[in-house]
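Rule-based calculations on the coordinates, nothing more; no lab input. Please read all numbers here as calculations on a predicted model, not as lab measurements. Methodologically, a virtual Cβ is constructed for each residue, glycine included, from the backbone with ideal geometry; neighbour enumeration extends over all protein chains shown.
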Amino acid sequence: MKPASFDYASPATVEAAIEALVASNGEGKVLAGGQSLLPLLNFRMTRPSVLVDLNGIEGLSYIEDRGDRIAIGALTRHRDLEHSPLVASRLPVMSAAMRHVAHLAIRNRGTIGGGLAHADPAAELPMLAAFYDARISVQGPNGHRVIAAQEFFVDALTNCLEPHEIVVEIEFPILDHDGWAFEEVARRFGDFALASIAVSVRRGPSRLEDARIAVMGVADTPLRLKAAEAELVALALDDEIPERFSEIVVAQVSPNDDLHASGEYRGHLLGELSKRALRTALAQAERAA
């Protein structure tokens, strides 16, 4: 199929892009990487009056070390995150997860801002934002504001952006942890996840001193499991901890049945992935000690 007709705007600044969106009276769409939008256009599931292309705006593609956090411009491509030495060293869970994002052609064009705004609950970037407690900077007609990741994702394919707001930057805090893992199951490598988990830990002498856990594919939004983090830190480091951790994680989610898998199967997958992820994170932390 082909999209319905639309006007096209190629602004040179974020301010001009916002002006174009405002002028569309709610009928405009933002084009970043286009990997989610273009299929919707071709199937005529969305029919904007104008497409506002952000790719001509300079200064929205970067990865910067800001001491205790990494700042990433909204037009930064998936491939840049995947291959960045800075991301690999400072945000290792992101580096590992980006290899699972779709396929090479899509990673060459897809952007972090577009991926977050699309808010797919089975996509890696929204889960990474929840995992790292990212802060998402947006700009609109009323100025600039910063949104916490836990507030940004409202429902499946739904974010909290106001009309005419554009994502411009995302900040990811750097975790002071010594072990981590990312695990995912999809029907084929590159497909959307049936279930996935990210785990990061800081190991102490007999217990974990800190833990970070997030999951996706098992709810309408990505989830950071803070209650599971607290329970994991309270456990003794023994041979049974992966099994107990798996039970803790599965108890925190209630997956629904859908076309791709039953809720029961997704829960089973998540339990197995939890065991694998924690074993990997603990072994890595032990090697780093």
Per q in 0.16 1/Å, what log10 I(q)/I(0) does a Debye calculation on the alpha-carbon atoms of segment 85-244 return? -0.93
Dipole of the chain, Cα-centred, from +1 at each Lys and Arg C-beta and -1 at each Asp and Glu C-beta, to the nearest 20 debye? 640 debye
With the 8 Å Cα cutoff and a minimum separation of six or more residues, the chain has a relative contact order in percent of 15 percent
Whole-Hz ³J(HN,Hα) for each residue in segment 92-101, computed from phi via Karplus 6.51 cos²θ - 1.76 cosθ + 1.60 with θ = phi - 60°, x for glycine and proline: what do you get? x, 5, 4, 4, 5, 5, 5, 5, 8, 6
The ratio Rg/Rh over the Cα atoms of the chain, Rh being the Kirkwood inverse mean 1/r radius, stands at 0.99
Just to check, using Stokes-Einstein with a Kirkwood Rh over alpha carbon pairs, what's the diffusion coefficient of segment 172-226 at 4 °C and 1.567 mPa s in µm²/s? 103 µm²/s
For the chain, the charge dipole (Cβ of Lys, Arg +1; Cβ of Asp, Glu -1; about the Cα centre) points to a positive end, and the Cα of L51, S5, S95 closest to that extreme belongs to S5
Computed Rg/Rh for segment 1-95 (Cα atoms; Rh = Kirkwood radius) stands at 1.08
As computed over segment 90-141, the Cα convex hull volume per residue (Å³): 101 Å³
I need the P(r) histogram for segment 63-172: all alpha carbon pairs, bin width 10 Å from 0 out to the longest distance, whole percents. 15, 52, 29, 4
Tell me, F43, F172, F192 in order of fewest to most beta-carbon neighbours within 10 Å? F43, F192, F172
Spatially proximal lysines relative to K2 (Cα-Cα < 23 Å; intrachain offsets below 8 disregarded): K29
Per-residue ellipticity at 222 nm attributable to helices in the chain (runs of n ≥ 4 DSSP H, -39500 (n - 2.57) apiece, nearest 500 deg cm²/dmol) works out to -10500 deg cm²/dmol
Descending semi-axes in whole angstrom, ellipsoid equivalent of segment 180-288, from the Cα gyration tensor: 25, 14, 11
So how do I213, I63 line up by other beta-carbon neighbours within 10 Å, fewest first? I63, I213
Leading residue at positive end of dipole, the chain (Cβ point charges), from P173, G34, V22: G34
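Can you give the direction-averaged projected area of the convex hull of the alpha-carbon atoms in segment 7-55, in nm²?
3.1 nm²
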Once you put a point 7 Å from the Cα of D238 and another 7 Å from the Cα of E151, both along the Cβ direction, what distance in nm separates them? 4.3 nm
Work out the length of the dipole vector of segment 180-288 about its Cα centre, built from +1 on the beta-carbon of each Lys and Arg and -1 on the beta-carbon of each Asp and Glu, and round it to the nearest 20 debye. 360 debye
In nm, the gap between the two label points placed 7 Å beyond Cα toward Cβ at D133 and M45 is 3.4 nm
Using Cβ contacts closer than 10 Å as the measure, can you line up M98, M216 from fewest to most? M98, M216
